[in-house]
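Student: Supplied in structure tokens, the structure appears directly below.
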């Protein structure tokens, strides 16, 4: 869970009441979240402008970016000091979009697995990805509303510390299991890819070329994003484990690294996306101007005159494409004799 902090405050519920430390963490998170928002807007604009969403892999990246965008907004929400509908909404919003981000990263990871290991077309699974992602996220965000398990949780609104089991089952437990599983799957994918590429060296076969094309078009554009999420989740996960073990002993350094890493998903994704050779090739003024003109150009409705189709005889079609093999050979012999 990306635990959002509050705006500069007169009281600090953490670090023995050290207001400076609380405000430092809040300022860092807000600044980095601002950069992530800019990065997400950049990615969404590029995908829309150049119609990259027509490709399945780009749509996966698009939905991950949308989740990171709204997740970054949660870092700016004001946290009321008392339990209220506003506090419950902030907690729900954070829970929902963090789950959406986690689920899209999981979908991308297992999409890579199916492409790499089984070499199958996964585009038909897109509807399934949406059903699982939005359904699971909505469920996990709404369950704490039962019995009013949202409320002030220190410097933010989420599941209060007096409900440790709800915290574990609604976020910590699934997050830890999915991160471990994604690390294993990602390592296995990397191993299989390297082994396969080594076996291709010095050989040329149509099947090998198709596999190389698959890597260039479907695997390479996606493989960085699960890795980014996994790396940026390390310090938040360590901090959450420490919170669960010693909830009354907050460690400033862990919160600091948590604040430095958790808002960066959108920003780092944008940097990686911008460094992709295919994306960079489009980021020239000429390409951007041409794409904008296509997007904004008005396509007039034109009228075309009706042209009667040439009449065809009722007898058997004697065109070359409709002939039987024996007839085609006779026709070619006739042309040769002519």
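The values are calculated or read from the model by the stated rules, or taken from the named source; none is laboratory data. The structure presented is a predicted model; accordingly, all values stated were derived computationally and were not measured. Please note: Cβ atoms are built from the backbone with ideal geometry, for glycine as well, and neighbour counts cover all protein chains shown.
Student: Just one of the numbered conditions (1) modelled with pLDDT under 90; (2) crowded, with 23+ Cβ neighbours inside 10 Å is not true of residue 81; which one?
Tutor: (2)
Student: Restricting the search to the range 110-122, which residues are in a helix (DSSP H, G or I) and either touching a strand residue (DSSP E or B) at 6+ places or on another chain (Cβ under 8 Å) or surrounded by fewer than 13 Cβ atoms within 10 Å (Cβ to Cβ) (or both)?
Tutor: Correct list: 118 only.
Student: Let me ask something else. Need pairs with beta-carbon distance below 6 Å; first residue on the phi < 0 side of the Ramachandran plot and touching a residue at least 60 places away in the same chain (Cβ under 8 Å) and within the range 28-52, second surrounded by fewer than 21 Cβ atoms within 10 Å (Cβ to Cβ) and outside any helix (DSSP H, G or I); sequence gap 6+ or separate chains.
Tutor: Within 6 Å, the pairs are 50/282.
Student: I need a count of the residues in the range 143-182 that are in a strand (DSSP E or B), at pLDDT below 85 and more than 29 Å from residue 107 (Cα to Cα).
Tutor: 1
Student: Scan the range 132-161 residue by residue and report those that are surrounded by fewer than 16 Cβ atoms within 10 Å (Cβ to Cβ) and under 11 Å from residue 91 (Cβ atoms).
Tutor: 145, 148
Student: How many residues does the range 216-252 contain that are out of contact with any helix residue (DSSP H, G or I) (no Cβ under 7 Å at 6 or more places or on another chain), over 21 Å from residue 176 (Cα atoms) and either part of a helix (DSSP H, G or I) or at pLDDT 80 or above (or both)?
Tutor: Qualifying residue count for the region: 3.
Student: Do we have any residue at all in the range 268-283 that's part of a loop (DSSP other than H, G, I, E, B), loosely packed, with under 10 Cβ neighbours inside 10 Å, out of contact with any strand residue (DSSP E or B) (no Cβ under 9 Å at 6 or more places or on another chain) and modelled with pLDDT under 75?
Tutor: Looking for residues that are part of a loop (DSSP other than H, G, I, E, B), loosely packed, with under 10 Cβ neighbours inside 10 Å, out of contact with any strand residue (DSSP E or B) (no Cβ under 9 Å at 6 or more places or on another chain) and modelled with pLDDT under 75, one finds none in the range 268-283, hence no.
Student: Now for a separate question. Determine whether residue 259 is under 26 Å from residue 170 (Cβ atoms), in contact (Cβ under 8 Å) with a residue 40 or more places away in the chain, within 23 Å of the chain's Cα centre (by Cα) and surrounded by 13 or more Cβ atoms within 10 Å (Cβ to Cβ).
Tutor: In short, yes.
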